[in-house]
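Can you read through this structure? Questions will come right after.
Read the figures in this text as sums done on the coordinates, not as results from a lab. Treat the numbers as computed from the prediction; the structure is a model and nothing was measured. Backbone-built Cβ (ideal geometry, glycine too); neighbour counts: all protein chains shown.
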Amino acid sequence: MFKKILFATSASPACDDAANVAFDMARRNEAELHVFHVLGLPTRGFSPFVTDVRTGEEADHDDEYHAWVKEEIKNTYARQLETAKNIELVTSVGVPHTEILRYARQNDVDLIIMGSNTRGENVGASRFKGVAGSTVQKVSKAARCPVLIVSRPCTTCWSYFSNIVFGTDFSKASWSAFLFAYKVAKTVGCKLHIFHALDLRSDESVDSSQGLIEERIEEIKGRMTKIYGKAMKDFDNFEFEVWEGMPYVEILKFARERKADLIVMAHHAKKVDAEDATLGRTVEQVALRSACPVASVTHPDKVEMLAEDSQLAKA
């Protein structure tokens, strides 16, 4: 399904869980795996010196230094590299999210894999504050392909997935996320759970009486059938579910109940242009707290190519 995977890493412990997923997915998909590391920012202009992102120290980024960093990366991922094939180690200098996006675009990458944070000392604080790392936010916003965010150890392998949860708000952005979730579920042969959280706080049209809430839930399920059920054609291993409550809380609860192996969501919600959007509050909270990887999808470019039926992509 994936021919080229980009694993963006700081080669710190914060990226270990994402590394395991990246190497495993590359092996099972027989894909090229590009292990990409940005050394740091030039100290000024086109200076030959950079401030190393790992140590914070100034270093001369000549060929010798690049070679030394690649050896360090090899040592960090020595266990995974023992059985890995078709791996390319790449180092670059610059603003991390800019270099990641540039490399992904130039090499026509199908999927980017990252940890929710890239610097180990910030992981706990970021989860406490409920804020994903700025590099992850910026890559997720502008990437032309899906971005897989891994914040905890993944207990299941990509090829062994049993349950994928797709969280939708029926926005234009959600359609691209649906295409990705549908294609993965169909390829892997697992169940697709299409889920919507009815947020009573923001839906003024919903009366607080339980009877009317249940009517609204049935209406939403009908909308799911019309939009997504019609599109899946020869795929029948799916279910629609609607719960009421705070979206990110309900998605996490639902994913835990269904023993989800992957959660797929749009990068941002509602009618917001992708160029102006920040990582949506809901997907950000889900990514930081989820026990399984979370795929953030922004643009339709790559997911439309993944859709076997061109009419599906244009629906």
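Which of 243, 175 has the fewest other C-beta atoms within 10 Å, and how do the rest follow up to the most? Display every interim value, and only then the final one.
On the way: 243 16, 175 20.
The most exposed by this proxy come first: 243, 175.
While we're looking at this one, here's another question. Can you give the FRET efficiency to the nearest 0.05 for residue 85 and residue 214, using r as the Cβ-Cβ distance and R₀ = 45 Å?
Numbers: r = 53 Å, r/R0 = 1.17.
Rounded to the nearest 0.05, the efficiency is 0.30.
Given the pairs 141/259; 4/141; 3/191; 233/253, which are separated by over 26 angstrom at their Cα positions? Each step should come with its number before you reach the end.
Details: 141/259 28 Å; 4/141 20 Å; 3/191 23 Å; 233/253 29 Å.
Those over the limit are 141/259; 233/253.
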